[in-house]
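The values are calculated or read from the model by the stated rules, or taken from the named source; none is laboratory data. The structure presented is a predicted model; accordingly, all values stated were derived computationally and were not measured. Every residue, glycine among them, receives a Cβ derived from its backbone with ideal geometry; neighbour counts consider all protein chains shown.
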Amino acid sequence: MTGQADSVYVAGHQGMVGSALVRALQRRGYSQLITRPRAELDLLDQRAVAEFLASERPKHVFVAAARVGGIQANNELRADFLYENLQIAANLIQGAHLAGIQHLTYFASNCIYPRDCAQPMAESALLTGPLEPTNEPYAIAKIAGLKLCESHQRQHGRNYVSVMPASLYGPNDNYTPGQSHVLPALLRRAHEARQRGDAELVVWGSGTPRREFLYVDDCAEACLMLAERAYDGPPLNIGSGTDLSIRELAEAVCETVGFSGRLVFDASKPDGMPRKLLDSSRLLATGWRPTVTLRDGLRRAYEVAPWR
Ligand SMILES: NC(=O)c1ccc[n+]([C@@H]2O[C@H](COP(=O)([O-])OP(=O)(O)OC[C@H]3O[C@@H](n4cnc5c(N)ncnc54)[C@H](OP(=O)(O)O)[C@@H]3O)[C@@H](O)[C@H]2O)c1
């Protein structure tokens, strides 16, 4: 993207990442934003996607559409997560190439690194070991999308860049019980526990796994900065650089919503990877820095949560 007059298509614009990209683009004055709700364009439909991209020919495509969910949904709906994410990535990336679109940003994820990856996880650790079994299908699809971008870079000289953000949170997060990630799930459940006057809040797992969180608007700003500089290098991590335990997260969430009961850890539920901290030094070398602290981000996310 070289200027605000460029047309930009955000796939998945109603999702958490897509809507943050739209906010960031609007803040910067981009006037030619292209979006399509799922009812008008099903991204699983290869022909429809190819025709749409060929007729719109945006200057830049952001692939922020995906089938996304927490540990339970990933573990149970394994075929859906693998198939839909492969298909969405293939339709948009290949469709963009066939339409002659030169610039694309693909959202991979921090879950594509090996389960026992050295921490913090550098980009070079990709495909160096077995994946976390609970989200392996999702991770395989995301790795395939990343490799499709990389292959178009090498075979056709396309500027198709993959980013691996840390766990994101913020406006338009998915709060559906059984589908959500740990942070939004805790935020909602702590709020409901306070409303009911519960004495305790049950948290899945042992509370010891460590996770890194990034406010979604910080992630969107990083991606726009890369797109505006026409970054055309290898995949890049996007993280805040600090992690905390699930217990510490639960405590911060309880403080945000004003729940003062006891935390109980249900160790019969899976923990997932023991630690997930990205090495974002390559991105940080560009000068980008996250601007929203976890406490501030939790407060902002809570203020606009749709179930309040
Ligand atoms: N959330 C995180 O913590 C996180 C962390 C790292 C990376 N990422 C990556 O960021 C990307 C976006 O994640 P997100 O959290 O923003 O997910 P999200 O809130 O669930 O948004 C996904 C969007 O994709 C759309 N979509 C899914 N299937 C579609 C289809 N067949 N046709 C049309 N639209 C479809 C959804 O449309 P509907 O609104 O109609 O459902 C939704 O708007 C994903 O690739 C994810 O891997 C996310």
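Taken over the range 297-308, the criterion of being of a type in the set (D, E, K, R) and in contact (Cβ under 8 Å) with a residue 60 or more places away in the chain is satisfied by R300, R308.
Residues to consider are S19, S55; find the one that is under 14 Å from the mean Cα position of the chain (by Cα) and part of a helix (DSSP H, G or I).
Working: S55 fails: under 14 Å from the mean Cα position of the chain (by Cα).
When all the criteria are applied, what remains is S19.
Test L146 against the criterion of being crowded, with 18+ Cβ neighbours inside 10 Å, touching a Ser or Thr at 6+ places or on another chain (Cβ under 7 Å), over 17 Å from E212 (Cβ atoms) and among the hydrophobic types (A, V, I, L, M, F, W, C), and give yes or no. Walk me through it before giving the result.
Details: crowded, with 18+ Cβ neighbours inside 10 Å: yes; touching a Ser or Thr at 6+ places or on another chain (Cβ under 7 Å): yes; over 17 Å from E212 (Cβ atoms): yes; among the hydrophobic types (A, V, I, L, M, F, W, C): yes.
When the stated conditions are applied, L146 passes them.
It is to be established whether one or more residues within the range 201-210 are within 16 Å of the ligand (Cβ to nearest atom) and in contact (Cβ under 8 Å) with a residue 24 or more places away in the chain. Scanning the range 201-210 turns up at least one residue that is within 16 Å of the ligand (Cβ to nearest atom) and in contact (Cβ under 8 Å) with a residue 24 or more places away in the chain. Considering the range 1-30, the residues that are at pLDDT 95 or above, over 23 Å from L214 (Cβ atoms) and hydroxyl-bearing (S, T, Y) include one that is surrounded by the most Cβ atoms within 10 Å (Cβ to Cβ), namely Y9.
Would you please name the residue that is surrounded by the fewest Cβ atoms within 10 Å (Cβ to Cβ), looking only at residues in the range 249-308 that are under 25 Å from P234 (Cβ atoms) and basic (K, R)? Restricting to residues being under 25 Å from P234 (Cβ atoms) and basic (K, R), the top hit is R289.
Looking only at the range 1-16, how many residues end up being in a loop (DSSP other than H, G, I, E, B), over 20 Å from the mean Cα position of the chain (by Cα) and touching a residue at least 12 places away in the same chain (Cβ under 8 Å)? So that I can check it myself, show each step before the final result.
If we filter the range 1-16 for residues that are in a loop (DSSP other than H, G, I, E, B), which is where we start, we get 1-6, 12-15.
Still in the list and also over 20 Å from the mean Cα position of the chain (by Cα): 1-6.
Next cut, touching a residue at least 12 places away in the same chain (Cβ under 8 Å) only: 1-2, 4-6.
Total meeting the criteria: 5.
When the residues of the range 51-67 are narrowed to those that are over 23 Å from N110 (Cβ atoms) and within 14 Å of the ligand (Cβ to nearest atom), which ends up surrounded by the fewest Cβ atoms within 10 Å (Cβ to Cβ)? Walk me through it before giving the result.
Going residue by residue through the range 51-67, those that are over 23 Å from N110 (Cβ atoms) are 51-60.
From the residues that got through so far, the ones that are within 14 Å of the ligand (Cβ to nearest atom) too are 52-53.
Details: F52: 22, L53: 25.
Among residues in the range 51-67 that are over 23 Å from N110 (Cβ atoms) and within 14 Å of the ligand (Cβ to nearest atom), the one surrounded by the fewest Cβ atoms within 10 Å (Cβ to Cβ) is F52.
Within the range 95-106, identify whether any single residue is near the ligand (Cβ under 9 Å from one of its atoms) and either more than 29 Å from G157 (Cα to Cα) or touching a helix residue (DSSP H, G or I) at 6+ places or on another chain (Cβ under 6 Å) (or both), and answer yes or no. Yes - at least one qualifying residue is present in the range 95-106. Of all residues in the range 198-240, which are part of a loop (DSSP other than H, G, I, E, B) and under 13 Å from M164 (Cα atoms)? Listed by number, the residues that qualify are P234, P235, G239, S240. Against the test of being in contact (Cβ under 8 Å) with a residue 12 or more places away in the chain and either among the acidic types (D, E) or within 10 Å of the ligand (Cβ to nearest atom) (or both), the options L168, L186 yield a single qualifying residue, L168.
Set side by side, the residues L226, L131, L146, L236 differ, and just one is within 16 Å of the ligand (Cβ to nearest atom) and farther than 25 Å from Y83 by Cα, which is L226. Taken over the range 2-20, the residue count meeting the criterion of being over 30 Å from P184 (Cβ atoms) and either among the aliphatic types (A, V, I, L, M) or within 7 Å of the ligand (Cβ to nearest atom) (or both) is 1. Within the range 25-40, the presence of at least one residue that is free of Cβ contacts under 8 Å to residues at least 40 places away in the same chain, within 14 Å of the ligand (Cβ to nearest atom) and farther than 25 Å from G170 by Cα is confirmed. For the criterion of being in contact with an Asp or Glu (Cβ under 6 Å, 6 or more places away or on another chain) and away from the ligand (no atom under 16 Å from the Cβ), S151 fails. Can you spot a residue in the range 212-222 that is modelled with pLDDT of 95 or more and touching a Cys at 6+ places or on another chain (Cβ under 7 Å)? There is no residue in the range 212-222 that is modelled with pLDDT of 95 or more and touching a Cys at 6+ places or on another chain (Cβ under 7 Å).
May I ask you to verify whether G70 is crowded, with 17+ Cβ neighbours inside 10 Å, in contact with a His (Cβ under 6 Å, 6 or more places away or on another chain) and either of a type outside the set (S, T, N, Q) or within 30 Å of R115 (Cβ to Cβ) (or both)? For G70, the condition - crowded, with 17+ Cβ neighbours inside 10 Å, in contact with a His (Cβ under 6 Å, 6 or more places away or on another chain) and either of a type outside the set (S, T, N, Q) or within 30 Å of R115 (Cβ to Cβ) (or both) - is met.
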